[in-house]
Amino acid sequence: MSTPPAFPGSLQLLLGQVSRSFGLSLRLLPASVRPVISLAYLLARTSDTLADASFVPAAQRQLALQAWLAAVDLPLEGGSEDRLPTLQALFQVYRQADLPTAEWALLQTGPECLKLLNNMSDQDQDTIRRVMSPIGQGQLLDLQRSLQPLALLSTEEDLNTYTWQVAGCVGRFWTECLQNHLPGALQLPQAEMRALGEHYGCGLQRLNILLDAAQDLRDGRCYFPEQSLHSLGLTAQELQQASLQGDVRVLHQLMPLQTQGFDQVENALREGLRYSCALDNWRLRLASALPALVGAASLHMLRHQPTLSLMQRLKWPRTTLQKHLLLLVLQGASRKALQHHFEILLQAPANAHGETMSA
């Protein structure tokens, strides 16, 4: 096993600014695996920023994203560092894109991240590039769909493919990193851990889709498959209009599809918790379980206000989660404690103000 190069403090600070709750998972990771997973996150977060900056014309976003993914995929050798000024020139259009300060800082660190990748072991470089490939494919397809009047997935299979590309493959990557650097931490066969991790990642992406539905519809994106909407007598255009106008009668028609999504997410979160409990290291367990804990709280919230979630983004109070995390640390993030807190968060009747919610 090789030791990854030290992760620069400046990039560590940036992680906390652009990664929200996942940044805590990264900080919890043991030092032997943290640099590899943190770097992969920054590379993927950069491509996500390039793809999603709506104030930049789609054609320019596509060009910048393709150039970035090509740079990640090709090691810096010989005179290939000449590519870096070209990348930076492509990124300049984002300066006027009304990006948050942290996201513009992220784009500026692109060359530094590429050089750090180049200094990783061959094994770690390969692992990172193999996860970036499907993520990039998913982001490019998503960007191409956004050129349509209302970006739309056709079938449930399309949705499954998309969630695996941008998140399910991360479960495989995470497992491979642990196998490479902390092989004794995996308490189930690697193939089983990889399958659990992939399902976990797909479920987290489905949860993000449900949480972001209102904003996505406003931005001209619909991740509810066209075929599934048709079975409910709905079109994406009708759903978008209802979201903008607050037409509860139309939005309520989506309930069966939302309920199906909620159940799929819960199943995936439970597999994610099983994945986490199969790790023989308390820091790893807590780092891996944190998205499931956040997801359980968010899922409960969505289930209690499904129609409202199509008109505005619901947010879970951070103070509630912080209380659970403190207790978990004190309890050594034991398997029993993780399962207990997961069930509480999945059922806790609180909204963004900590009050009882009504359906």
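The values are calculated or read from the model by the stated rules, or taken from the named source; none is laboratory data. All values reported here derive from a predicted model rather than from experimental measurement. With ideal geometry, Cβ positions are generated from the backbone for all residues, glycine too; neighbour counts draw on all protein chains shown. Heavy atoms of the whole protein, side chains included, go into the accessibility calculation; ligands, DNA and RNA do not. Shrake-Rupley method; radii C 1.70, N 1.55, O 1.52, S 1.80 Å.
For ARG283, state whether it is in contact (Cβ under 8 Å) with a residue 60 or more places away in the chain, open to solvent by 10 Å² or more (accessible area, probe 1.4 Å) and under 30 Å from LEU29 (Cα atoms).
For ARG283, the condition - in contact (Cβ under 8 Å) with a residue 60 or more places away in the chain, open to solvent by 10 Å² or more (accessible area, probe 1.4 Å) and under 30 Å from LEU29 (Cα atoms) - is met.
Pick from segment 136-164 the residues that are touching a Ser or Thr at 6+ places or on another chain (Cβ under 7 Å) and open to solvent by 10 Å² or more (accessible area, probe 1.4 Å): which of them is nearest to VAL36 (Cα to Cα)?
Checked segment 136-164; the qualifying residue nearest to VAL36 (Cα to Cα) is GLN139.
Just to be sure, is ASP73 among the charged types (D, E, K, R), over 15 Å from the mean Cα position of the chain (by Cα), more than 30 Å from VAL294 (Cα to Cα) and open to solvent by 60 Å² or more (accessible area, probe 1.4 Å)?
Considered against the rule, which asks whether it is among the charged types (D, E, K, R), over 15 Å from the mean Cα position of the chain (by Cα), more than 30 Å from VAL294 (Cα to Cα) and open to solvent by 60 Å² or more (accessible area, probe 1.4 Å), ASP73 comes out as yes.
In this structure, is ALA297 modelled with pLDDT of 95 or more and either hydrophobic (A, V, I, L, M, F, W, C) or surrounded by fewer than 19 Cβ atoms within 10 Å (Cβ to Cβ) (or both)?
Answer is no for this residue.
Every residue, every condition in (1) part of a helix (DSSP H, G or I); (2) within 18 Å of the chain's Cα centre (by Cα); (3) on the phi > 0 side of the Ramachandran plot, yes or no:
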{"position": "ALA268", "(1), (2), (3)": "yes, yes, no"}
{"position": "LYS315", "(1), (2), (3)": "no, yes, no"}
{"position": "GLN322", "(1), (2), (3)": "yes, no, no"}
{"position": "LEU328", "(1), (2), (3)": "yes, no, no"}
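What are the residues in segment 103-119 that are within 19 Å of the chain's Cα centre (by Cα) and open to solvent by less than 20 Å² (accessible area, probe 1.4 Å), if any?
Across segment 103-119, the qualifying residues are LEU106, LEU107.
Sort out for me the helices (runs of 4 or more DSSP H) sitting completely within segment 165-255 that have 1 or more residues that are open to solvent by 40 Å² or more (accessible area, probe 1.4 Å) and over 29 Å from SER146 (Cα atoms).
169-181, 190-211
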